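The values are calculated or read from the model by the stated rules, or taken from the named source; none is laboratory data. Remember, predicted model here, so these are calculated numbers, not experimental data. All Cβ positions, glycine included, derive from the backbone under ideal geometry; neighbour counts span all protein chains shown. Please note that ligands, DNA and RNA were not included when accessible areas were found on the heavy atoms of the full protein model with its side chains. Shrake-Rupley method; radii C 1.70, N 1.55, O 1.52, S 1.80 Å.
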Amino acid sequence: MINESALLESKTLRSSVLDRTDVLDRVKALSLLPDGMHVTTAMAAAYFEVTIEAVRQLTKRHREELEVNGMAVLRGSDLRQFESDNMSRSLGSYPQARRSLTIYSRRAILNVAMLLRDSHVARQVRTYLLDMEYLARTQPVENPPQPDPALLDDRIDQRITRILGTTVVPMFNALIATSGEHRRELIELREDIENVERTLCRHHRRISGLEEEIPTDRVRDSIAAMTWQAFERHVADLLRRDGCNEVVVRQTYIDRGIDITARTADGRTVAVQCKNRAGHRHVPSSDMQRFAGAARAVERVDVALFVTTSYFSHEAQAIADLSGVLTVDRAELEAWSAGARLKALR
């Protein structure tokens, strides 16, 4: 099987897989401008978790290849029209004057993922991309079974669920956070959408069971392979997916016993402790005591969340119950990672 680093060196190999832009959303939700087609340099940097300058330098080195695949530099009347149509309606609008703007299509962003060396997100995209190609090449194709229309309906349900979770619900969260007069109506409408999403999730789990799919196995393997730093970033991404904003992964030397801080769409403050523990080692009561003290006495947050890849000892769970700390153990973490929404964040 080809190593992901091969994509960095081979333009021919990159060209052969550029149509698989769906891989981007499988690794991490890609935010788009209101036109639903493009992202800016800043948005690309946020997706790959690198600096804007890193993306700019890569663009300079590979401009010709990226332009072929949908990157464009807008100037003059084209720039003014694009900003009028998109930027002014975006929450991240850019009121200041500019002489040019670089935009990327999804295909160009996939191209960037295959060229960007110092990004763990880009590496995940390359690995996932080559895994899919390997399966496509090695799986038998003789007499492929025709898809059942009922199963296709459920696949459509699954796609709708993803769209609701990654675009519509976050949009409502942003509106709720900035609205005044219609806040209550927006919250009620968001709850209706979330009810539809949960119903579709239940349907998908039922169909997956009938098809003997075990998505949690893939989730479990992915979590088991994470370093503690990657695990913290994973939890931060889950918080963002469930509508939290102001999500910050704290640096170790100033975390004060709290790994991640955030704010829910309705304004509640959140503190998270992440414990990536190998095997079946339980979280001891001493860890829970320290976090409860930091979250309740020092930070005084509204939602204190302790997330672990293992389980909690009886004493640790008892302390959590007494102090109001919400616990997410291995089983709940796998369900959360597989797409279920965390009740505490609704």
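Based on alpha-carbon positions alone, could you give the equivalent ellipsoid semi-axes of segment 25-88 from the gyration tensor, as √(5λ), descending, whole Å?
Taking √(5λ) for each Cα gyration eigenvalue gives 20, 17, 11 Å.
Which lysines, if any, have their Cα less than 17 Å from the Cα of Lys11, not counting same-chain residues under 8 positions apart?
Output for Lys11: Lys60.
Could you check the simple spin-label distance between Thr227 and Asp85, using points 7 Å along Cα→Cβ, in nm with one decimal?
4.3
Using 1/(1 + (r/R0)^6) with R0 = 30 angstrom and r between the beta carbons of Ala340 and Arg290, what's the FRET efficiency to the nearest 0.05?
For R0 = 30 Å, the calculated efficiency reads 0.60.
Go through segment 15-29 residue by residue and turn each phi into a ³J(HN,Hα) via Karplus (6.51, -1.76, 1.60, θ = phi - 60°); whole Hz please, and just put x for glycine and proline.
With the stated coefficients, segment 15-29 comes to 4, 6, 10, 5, 7, 8, 5, 5, 4, 4, 6, 6, 7, 6, 5 Hz.
Can you work out the FRET efficiency for the pair Glu53 and Glu332, with r the C-beta to C-beta distance and R0 = 51 Å, to the nearest 0.05?
That gives a FRET efficiency of 0.85.
On a straight-distance basis, which lysines could pair with Lys343 in a cross-link, Cα separation under 19 angstrom, same-chain partners fewer than 8 positions away excluded?
Within the straight-line cut-off, Lys343 pairs with nothing.
On the accessible surface of segment 236-346, probed at 1.4 Å, how many percent belong to carbon and sulfur atoms?
Answer for segment 236-346: carbon and sulfur cover 51 percent of the accessible area.
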